[in-house]
Structures are given as structure tokens and as C-alpha cells.
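Worksheet for the structure shown next.
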Amino acid sequence: MLRFALSPTGDMTIDDLRIAIVNFIVAQKRGEPFLVRMDDTDKVRNIEGKDTEFMQILEKFSLTHDQVYHQSEHQSIHQTLALRLLEEQKAFVCTCTNTDSSTCSGTCAQMTEDAYSRLKAEGTPFVVRLKAPKETICFNDIIFGEYNAIPEETGEPVILGSDATPTALFASACDDMLSNISTVIRHAWHIGNTPKEIHIKTALGYTGNTDYAHLPNIENAPSLKQLFKEGYIPDAIINYLLLLSNPKSEQTFFTLPEAIAWFDLAQVPKTPAVFEMETLRKLNREHLLKMDDRQLSMLFGFADAAIGKLAKVYLEEEKASTVSELEAAIRPFFSPKSFDGEMGEKMSILKNIIWEAPMLDSYETFEAYLVKESGLSGDALALPLRKLLTNSTEGPALDTLYPHIKSYLLEVIS
RNA sequence: GGCCCCUUCAUCUAGCGGUUAGGAUUCAUGGUUUUCAUCCAUGCCACAGGAGUUCGAGUCUCCUAGGGGUCACCA
């Protein structure tokens, strides 16, 4: 089983999303189930509603899961496991107040039963620490390669906090064990936790094998909210994040299902990826171009294939790459025009001519008709006409726009 | 401080012992296009520094400098 674990203590980041996608894709590749886990052990920092927000985002990206749970549901199991380690003398009670040390700074490990009972009676706060391993812990990270941690590095990790709740590290190790996670794929900054987790699982008698793949961070990444607001679509974002993860792939433009065939976890670079908006823009444009015309128009408030085709003219000519840019280009077609100034006079003339004109099928006949009726030609005609039709002084050639707006002509010019 | 990762044109990068060190963006020049833009051609520009291994080092080893990450009762 693969898992995507995230704490509901803040917004989902681009890094988080990439990790979710990679977990999903590896699960699909291997035909293993995909678990979504809310690591909500920190009651203070948890933010109400973040968990449902995460699920909505995953749904938006079509990352379907087979199982989902909150880590807090397992709290009593984790506590039981911690107590078992205590009984087996693999863990010990520690009263050191020194919180910035990964080891007990005193001799708590030698505490006697009597001393322990007295502690409890007096209500002195204490934590439970796992004893340090005796040997160096080694594992082979799929991305970073061999990693060795001497016993001092692993230390004596706290497994139960002073409020008797399992620590995030311990809870995570326990749940990975209980869910029998085959490969842990997560942020690179967890790599130093890995020896501690291996140590915990070993102490609990876990014999299953767990592979690890730590993904480097993505530098310079914008927030997901910003990307959504600017009109980047999920297909393009997935495409880009997978491209950053497998930069040597032969394809650069693809969908998630296509990528499942060739994606290779071992090919993820260990150097941090740099987020480049330009590349995403290009992919976004391509994905928008591939969409169904009518669906495309629905992204910015229309429901008509002709408007979708109109949008594609802007996309093809690279006048727009995002949904919000399309909206900014096409909405004004239908908003009231200004007829002020010299340009406005010509626009009024053209407007009246078009109002009376018959339905003209091609731009050539339309333009010829306007030339004949208005006496205008060249730029004197093209510019006011462009302004009248598109409410802008620039854009794709009018003859490419005309076929898609001719059925809206009267609406557009009014 | 310990441990891990990184350093190639202005920018993002390819490269995994022998290359004229490749591409993309930017920039410059010329051309196409009666809007803006596009597009085409050409040009400019790089291996952090130092030792070593080798017939041969951007590539392997070590040192120096600089950047990032991590060492919690946070994930």
C-alpha cells in the first residue's frame, strides 16, 4: 500500500501535491491500494476544515483513494504500542526538561519501578523515550541512495509526549507499520527521521520491508490557490509536476493516465526542482487546446462550442494561456462599448451598418460589405471594427475571429 | 557544530572518463507579417577555486569557498 500523509495545519503546497501525485501514480503502476492519511496529532495546530479542503483538492486532480483516515483515530492503539515498548524495557520514562535534545540528558533510563510510581503519584510530567539503537541503521533511499545513521544520530526519540499523546514521529511509524506501507514517498526533509522510524518499527517487531523515496523540494513554487486563481487547470499542473519529477521523459505533454505507463520513481532527480511558470503556462495552453470546445467555454462562464472555438483562436496564437486570460479577452466582447472620440464615430457608423446587414457567412464578404457601405478601408476600417467587435485594439486577426462570433454579431455590437 | 544535498552561458538546465560542452528563455542583427504578437535565420555567452587519480576530468577522489536542508513533546 502507498500512502499520502498530510497534516491539516496549513494549506496544501505544490510540494505536497507532487508527493500525492507520485504516490498515486506508483500505486496505480503496481496495482496497490492508495491511502490518504490525515496526520492530525498536533491538536493545537490543526486547522478546522483543512482535511475536507485537502480531499476536495485531491478530487479536483482525480487522485482517487482506496482508504482514508485520521491518525487521531488510532491514538489508543499507538498508546498501547508505546506501553508495550515500556513493559519490554525497550523504552523508558524520562523527566528531563531539556526539549532541544534528541537524547535523554540524564540517567532516566536507569529509573527504578519505585521511582516511577512516585513520579506518577506526584504528578511530575514525563515523556516516554525509545532507547537508542545499538548499531548503525542503514537504508537505501530510492532517490538519495544509501543512508547510514550512527546510533547517536538516531538518538532516543520521544514516543509519548508529556500529555501522554503519541508524537507525530511515533504515530507515523506505527501507522506505516499497521497499514503495511510498501514504499514511503514523502518530503526530503523527512530523510533524517527515517532511521528513527525504522528503529521504532524494529522495536515493535515489524518484519515487513519498507522502501523509502524522499522527494526534494520544489523551489520558487507559487501557492496552489494562486495557480487556481490565475486559471491553471489540474491536467496541466499534474503534467508539469510529473515532468519536474521525470525530466528525462521522452514526452513533455501528457495526461496522468499516460504517465502511469512510463513514470519511474528512481528517475526523480535528487536536486531540488525549480518551478518555472513559463513552462507551466505552455503546458496549460496545450491542455486547454485539447479540451472539448463547450467544456472549455464553461471554464469562464459560457456554455457554447462557438465560444470555445473562439477561445482556441486566442490559445493557438498565444494571446492567452490561462483561463483567466481567456476570460479577460473574451468577456469584453459582450460588455458595453465606448463610442467616444473619433474612433467612436467610426464605430457607430459600422454598428449601424452591421445592424442592417444581412447574415454574411465569410469575413471576406462581411468586410467587402462594410467597405462598400461605409467608405472606410484599411486601418481606418480595421481598427474601429476590431474595437467594436472585441472591445480591444489588439488580438488575433479578425478573419479568424469572425466565424466564431458571427452568430453573436448583434449582441456584440450593442 | 554533526549529518545530507547542491554549484555548468544573463536565466533554467543537458551531460553520468574522450563532446566543436547541447537545448530552452533572454539579448543583438537581418528577414517575414498593412495591428499587437508570432514566425524564420544568424550571432553573443558557461564547467565556483585548488590539488590529486588518469594517456585523457564538467564527469572520479580530497580540500577550500558559497548556497540549501536537517538535527523537537512540528509535520
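The values are calculated or read from the model by the stated rules, or taken from the named source; none is laboratory data. Treat the numbers as computed from the prediction; the structure is a model and nothing was measured. Methodologically, a virtual Cβ is constructed for each residue, glycine included, from the backbone with ideal geometry; neighbour enumeration extends over all protein chains shown. We work out accessible area using only protein heavy atoms, side chains counted, and drop any ligands, DNA or RNA first. Shrake-Rupley method; radii C 1.70, N 1.55, O 1.52, S 1.80 Å.
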- Task: Please list, or write none, the lysines whose alpha carbon is within less than 30 Å of the alpha carbon of A:K290, excluding same-chain residues fewer than 8 places away.
- Result: A:K29, A:K60, A:K225, A:K229, A:K248, A:K282, A:K309, A:K312, A:K319, A:K387, A:K406
- Query: Just for the Cα atoms in region A:219-276, what are the lengths along the principal axes, largest first, rounded to whole Å?
  - Reply: 32, 26, 14
- Item | Cα gyration tensor shape for region A:336-413, rounded if a/c is under 1.5, else prolate or oblate | rounded
- Item | Rg and Dmax [Cα atoms of region A:76-160; Å; Rg one decimal, Dmax integer] | 15.0, 49
- Note on the structure: In whole percent, the Cα-Cα distances of chain A spread across 20 Å bins from 0 upward as 22, 38, 23, 13, 4, 0
- Query: Relative contact order, percent, of chain A when contacts are C-alpha pairs under 8 Å separated by at least 6 residues?
  - Reply: 13
- Item | Peptides A:169-181, A:389-401 ordered by average Cβ neighbours within 10 Å, highest first | A:169-181, A:389-401
- Message: I want the antiparallel fraction of DSSP beta bridges within region A:106-242, as a percent rounded to 5.
- Response: 55
- Grab the alpha carbons of region A:109-229, take their convex hull, and tell me the volume per residue in Å³. 162
- Item | Order of exposure, largest accessible area first, which applies to A:W189, A:W355 with probe 1.4 Å | A:W189, A:W355
- Project the alpha carbons of region A:151-300 onto their principal axes and report the range along each, largest first, in whole Å. 58, 35, 27
- Query: Kirkwood hydrodynamic radius (Cα pairs, Å) of region A:31-101?
  - Reply: 15.3
- Note on the structure: Expressed as a percent, the portion of alpha-carbon pairs in region A:270-335 spaced more than 19 Å apart is 30
- What accessible area per residue, rounded to a whole number of Å², is obtained for region A:295-404 using a probe radius of 1.4 Å? 49
- Message: Output wanted: per-residue J couplings in Hz (rounded whole) for region A:183-193, from phi through Karplus 6.51 cos²θ - 1.76 cosθ + 1.60, θ = phi - 60°, x for Gly and Pro.
- Response: 9, 8, 10, 7, 4, 4, 6, 8, 4, x, 7
- Take the alpha-carbon centre of region A:184-253, take the same for region A:11-82, and report the distance between them in whole Å. 13
- Carbon + sulfur, % of accessible area of chain A - ligands and nucleic acids excluded, 1.4 Å: 50
- May I ask which residue of A:H78, A:I137, A:T154 lies farthest towards the positive end of the charge dipole of region A:76-160, with charges of +1 (Lys, Arg) and -1 (Asp, Glu) on Cβ and the Cα centre as origin? A:H78
- Task: Kindly work out what percent of the DSSP beta bridges joining two residues of chain A are antiparallel, to the nearest 5.
- Result: 40
- Note on the structure: In vacuo Debye sum over C-alpha of region A:1-158, base-10 log of normalised intensity I(q)/I(0) at q = 0.09, 0.13, 0.18, 0.19 Å⁻¹, listed in q order, is -0.45, -0.87, -1.18, -1.21
- Message: Restricting to Cα atoms and excluding each atom paired with itself, what does the Kirkwood estimate give for region A:236-373 in Å?
- Response: 18.4
